[in-house]
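The values are calculated or read from the model by the stated rules, or taken from the named source; none is laboratory data. Note that the structure is predicted; figures quoted are calculated from it, not measured. Cβ placement follows ideal geometry from the backbone for every residue including glycine, while neighbour counts extend to all protein chains displayed.
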Amino acid sequence: MLIKPIENLVFQDKDLIANLSLLDTINQDLKTAMISKDVVGRDTIRMLLSDIKKYEIDERLQADDQIISTLINKNVKQRRDSIEQFKNGNRDDLVQKEQDQLDVILRYLPKQLTEEEITILVKEEIENLSASSVQDMGKLMGHLKPKLLGKADMSVVSKIIKELLA
């Protein structure tokens, strides 16, 4: 009975949907997946929510959008590693399962930057910090990580920095 007015409020007012926190959005999507009987989406979102709850219990902190984005990035990296391992083991069935889960998780990350966009940002930061060798990589990563967190895979950023400073 209590859920109906909230659902009507959320779905009728598009501004409220835009103002939802990432956790609220994930919870809404879980409900939608359950209603539409989307097994992969439901199970993947439950795993994601489980990771968020685990973090909150372990750290005794309320997870905000930035922390949730970090946890989502961690899940994305795990899925990509699993896909690579399953491909090496010729397990196409498991590759497809992991890819489906990855597709669900990627919905919650902001649009990812392309390698060209990352390269431009890295070049600007190299100029700003007057970095000249690979020894300055730690300083560059320290400045770039807050700007690119959730928008780019940091291993790609690291690779680009190494190429530009080599």
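Brief remarks follow.
- All of ASP136, ASP100, ASP92 fail the test of being among the acidic types (Asp, Glu), more than 16 Å from LEU164 (Cβ to Cβ) and either at pLDDT below 90 or over 18 Å from the mean Cα position of the chain (by Cα) (or both), apart from ASP92.
- Only one entry in ILE120, ILE105 is part of a helix (DSSP H, G or I), touching a residue at least 24 places away in the same chain (Cβ under 8 Å) and hydrophobic (A, V, I, L, M, F, W, C), namely ILE105.
- Residue in the stretch 58-89 that is surrounded by the fewest Cβ atoms within 10 Å (Cβ to Cβ), counting only those that are modelled with pLDDT under 95 and of a type in the set (Val, Ile, Thr): THR70
- LYS123 being charged (D, E, K, R) and in the same structural domain as ILE161 (by TED's automatic domain parsing): yes
- Residues of the stretch 82-92 classified as more than 22 Å from LYS111 (Cβ to Cβ) and in a helix (DSSP H, G or I), total: 7
- Leading residue by the ranking (surrounded by the fewest Cβ atoms within 10 Å (Cβ to Cβ)) among those in the stretch 141-154 that are in contact with a helix residue (DSSP H, G or I) (Cβ under 6 Å, 6 or more places away or on another chain) and not in a helix (DSSP H, G or I): GLY150
- Considering (1) touching a strand residue (DSSP E or B) at 6+ places or on another chain (Cβ under 7 Å); (2) touching a residue at least 40 places away in the same chain (Cβ under 8 Å), the lone condition that VAL156 does not fulfil carries the number (1).
- Of residues in the stretch 95-140 being among the β-branched types (Val, Ile, Thr) and under 24 Å from ASP38 (Cα atoms), the one surrounded by the fewest Cβ atoms within 10 Å (Cβ to Cβ): VAL95
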